[in-house]
Every structure is written in C-alpha cells, then in structure tokens.
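The block underneath contains the structure these notes are about, expressed in structure tokens.
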Amino acid sequence: MMLNTFEKYLMNNPIRASIQRWYEAPLLKRIGGSTEGLHALEVGCGRGVGTQLILDRFGAATVTAFDLDPEMVKKAERRLSKYPAEKVSLSVGDVTNIQAKDGAFDAVFDFGIIHHVPDWRAAVLEITRVLKPGGRFFFEEVTRHALERSFYRTFLEHPEHDRFTGAEFVAELERRDLLVGTKYVERFFGDFVIGVAKKR
Ligand SMILES: C[S@@+](CC[C@H](N)C(=O)[O-])C[C@H]1O[C@@H](n2cnc3c(N)ncnc32)[C@H](O)[C@@H]1O
C-alpha cells in the first residue's frame, strides 16, 4: 500500500537517507557481502537512495528498481539521472507481481517495504522466484512490535492483518528456501529485523 502524507515526509527526508547510508547499508554489507559486478533488483525503491547505495557501496553492475507509487519513481529518476541508462532501470511495479523472469537476479534488496504489503507472503514468494539459485536477499524490515507502537498507530498507515515479528519473517523466508541461518539481527527491542538470506 502507498504511504500516507506523513510517512512520505519521513521517507523523503535527509534523516532517512542518512540512516540508510550510515547504518543499514554498512550492516547489510557486513552480514551479506558485496554484489560486485552482479545484477540486483530493489523492490519498493522509494526515491532511489537504496538504488544509489547498491550501485556505489555494494558495487552492483546493474540495478533494476521499482515502486508502487509513481511519484516516488519520478523522484528516483531525478536522483539517478547521472548514472548511465544501462546501469539503472526504474519503473512502477508491485512486489507481489514482479515483471521479471524466474532467476533473473543475483541479489534482491528490500529497504523496509514488505511490512507495507498486505499479502507479504506473496511478496516473499515473488522475490524467491526472481532470484537465481545461490542468489541473496538483503532485507531490512519493520516488525509487528514497531507497528503496534502508538507513534506508528497514530501517524502512519499499515496493513492491519498478518503482521510479522522478526522470527516469523525469517521463518517465512526459510519456508521458501531463502536460507537465513544466523545471518540476521533484531534491533530496537525487536522493532526491526535486518539480514541476508541465500536462495538454496
Ligand atoms: C517505508 S517506504 C521505504 C522506501 C525506501 N525503500 C526507503 O527505504 O527509503 C516503503 C515503500 O514501499 C513502496 N511500496 C508499498 N507497497 C509496495 C508494493 N506492493 N510494491 C512495490 N512497492 C511498494 C511504497 O510506495 C514506499 O515507497
């Protein structure tokens, strides 16, 4: 689902970009390694900060990225216009129906979008489908613990049903042959789960 106006402000904000740059990306890289020379997909790219990090910090050769919200995709296009067209491909799209062949990508990145998807299990299934065997899924997710806090309930909008804890999210990945093992951490009293899974 789309973000409400307040969450859009929180996402399209230098503080959000700094958290992605200086905390989430380094942690994901420490856990899962680089994607040097590989083909990556970013689901729910928002305004494109993650896409830029996947290119510059993770070293991906190409990034395909999409978001449900055309306004976000326009922002991402502006941010990423300095990169050669063959390195970045942006579009409007839905993570529960990814427009790509089976096994199209070496890596998929999720910077905090799956908790916005009512049928999040379908999103996991699609991500598994488009990953090559041995491909990696880098995830940073917001859990039920966070969504139940009064700040989230008052100011932000999220699907009401079938929310996940960190352990439930990891269990669903494992059920779909996305093997996480010990390669994840929970942060801020279980509000966030961050890790990397490898497709069997
Ligand atoms: C919390 S924001 C995160 C944006 C960006 N990844 C970041 O970390 O700044 C969640 C994003 O997911 C997008 N989104 C929500 N549901 C989606 C879906 N089904 N498919 C693709 N993108 C979706 C929203 O439009 C929004 O841009």
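Where a number appears in this text, it was derived from the coordinates with a stated rule and is not lab data. This structure is a prediction, so every number in the text was calculated from the model and none was measured. Neighbour counts run over all protein chains shown; Cβ positions are idealised from the backbone, glycine included.
Table for the structure above
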{"item": "Every residue from region 130-158 that is touching a Gly at 6+ places or on another chain (Cβ under 8 Å) and either outside any helix (DSSP H, G or I) or free of Cβ contacts under 8 Å to residues at least 40 places away in the same chain (or both)", "result": "Leu131, Lys132, Pro133, Gly135, Arg136, Phe138, Phe139, Glu140, Glu141, Val142, Thr143"}
{"item": "Residue in region 138-146 that is surrounded by 22 or more Cβ atoms within 10 Å (Cβ to Cβ), among the aromatic types (Phe, Trp, Tyr) and either under 16 Å from Val95 (Cα atoms) or within 16 Å of the ligand (Cβ to nearest atom) (or both) present", "result": "yes"}
{"item": "Qualifying residues in region 77-94 (those that are near the ligand (Cβ under 9 Å from one of its atoms) and not in a loop (DSSP other than H, G, I, E, B)) - the one farthest from Ala17 (Cα to Cα)", "result": "Asp94"}
{"item": "So Glu168, is it touching a residue at least 40 places away in the same chain (Cβ under 8 Å) and farther than 23 Å from Leu53 by Cα", "result": "no"}
{"item": "Residues being within 10 Å of the ligand (Cβ to nearest atom) and out of contact with any helix residue (DSSP H, G or I) (no Cβ under 6 Å at 6 or more places or on another chain) - total across region 119-130", "result": "3"}
{"item": "Members of region 1-55 that are in contact (Cβ under 8 Å) with a residue 40 or more places away in the chain, of a type in the set (Phe, Trp, Tyr) and either under 21 Å from Gly195 (Cα atoms) or near the ligand (Cβ under 8 Å from one of its atoms) (or both)", "result": "none"}
{"item": "When residues of region 1-57 are limited to those that are within 14 Å of the chain's Cα centre (by Cα) and in a loop (DSSP other than H, G, I, E, B), the one surrounded by the most Cβ atoms within 10 Å (Cβ to Cβ)", "result": "Cys45"}
{"item": "Subset of region 101-118 that is more than 17 Å from Arg47 (Cβ to Cβ), within 13 Å of the ligand (Cβ to nearest atom) and aliphatic (A, V, I, L, M) - its residue that is surrounded by the most Cβ atoms within 10 Å (Cβ to Cβ)", "result": "Val108"}
{"item": "Filter result for Ala60 (buried (at least 23 other Cβ atoms within 10 Å of the Cβ) and part of a loop (DSSP other than H, G, I, E, B))", "result": "yes"}
